[in-house]
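See structure below.
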Amino acid sequence: MKDVDALRSFCLELSSDLPSPGGGTASAAAGAMSASLLIMVCGMTGRSKKHTDHWREISDLKAVLVRRRDDLLLLAKEDADAYDAVFEASKRQRANDTPGNREEYQARLRRAAEVPFRTAAACYALLEQSVIVAGLQTRSASSDTVVAVMLAEAGFNGASANVEINLGDI
């Protein structure tokens with residue numbers, strides 16, 4: 001790893017005593033790492049002379065995975081922002097329980113459920129795409145695909161749990 005400081009910074013944010021970033025952000029990050037590994041596998045496979053017959057399919061798949069990774073990176077930030085908004089709306093409602101504050105809190109909870117729902121959907125799509133990657137990949141990258149699947153599963157499961165928890169408060 002060339003830039004351990006970026007990973008350290010993210011891990012330090014996760015381990016702070018602040019309510020966000022939290023599990024939703026970590027779930028989106030797991031999905032982004034999954035996509036990144038699948039992109040790497042596509043790149044390695046695309047360079048292999050044994051796979052020239054599938055170059056176009058690999059290239060197209062890689063482009064889709066790049067967009068998915070970038071979406072998941074944005075979702076990681078959106079999740080933290082959505083939870084911060086829930087936290088602030090909750091404080092306002094506790095301080096002054098008005099219909100407007102209750103309505104705002106509910107709207108923030110809906111948003112806090114919608115973002116991890118999108119994360120779960122993106123991770124599910126990664127699981128589907130990993131099957132295609134596995135069918136095309138160079139054998140030397142098979143363990144990377146396995147790790148990508150595990151990360152996508154973690155992202156899906158974590159995001160799904162956040163959706164369930166946030167919907168439970170609505």
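Quick note: the coordinates plus some simple rules give every number you see, no bench work behind them. What you are looking at is a predicted structure, and each value in this text was computed from that prediction instead of being measured. Because the Cβ atoms are built from the backbone with ideal geometry, glycine has one as well, and the counts that use them run over all protein chains shown.
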Distance from the Cα centre of the stretch 42-80 to that of the stretch 89-142, in angstrom? 21 Å
Within the set LEU61, LEU38, LEU126, GNM on the chain using Cα springs under 10 Å gives the largest fluctuation to LEU61
Residues ARG102, ARG69 in order from fewest to most other beta-carbon atoms within 10 Å are ARG102, ARG69
Could you work out how far apart the two model spin labels at ILE170 and CYS11 are, taking each label as a point 7 Å from the Cα in the direction of the beta carbon, and quote it in nm? 3.5 nm
Leading residue at positive end of dipole, the stretch 14-170 (Cβ point charges), from ALA120, VAL146, SER27: VAL146
Among [x] 1, 7, 11, 13, 14, 12, 10, 8, 7, 6, 4, 3, 2, 1, 1, 0, 0, 0; [y] 1, 10, 16, 17, 16, 13, 10, 7, 5, 3, 2, 1, 0, 0; [z] 1, 5, 5, 5, 4, 4, 3, 4, 3, 4, 3, 3, 3, 3, 3, 3, 3, 3, 3, 2, 2, 2, 2, 2, 2, 2, 2, 2, 2, 2, 2, 2, 2, 2, 2, 2, 2, 1, 0, 0, only one was calculated for this model; which label is it, if the read-out is P(r) over Cα pairs in 5 Å bins from 0, in percent? [y]
GNM on the chain, Cα springs under 10 Å; top mean-square fluctuation among LYS50, LYS77, LYS62 goes to LYS50
Could you work out how far apart the two model spin labels at SER140 and ALA63 are, taking each label as a point 7 Å from the Cα in the direction of the beta carbon, and quote it in nm? 2.7 nm
When the chain is fully extended, how far beyond the present Cα-Cα distance does GLU114 get from ILE132, taking 0.36 nm per residue of separation? 3.7 nm
Quick check on packing: order 162-170, 92-100, 20-28 by the mean number of other C-beta atoms within 10 Å, highest mean leading. 20-28, 162-170, 92-100
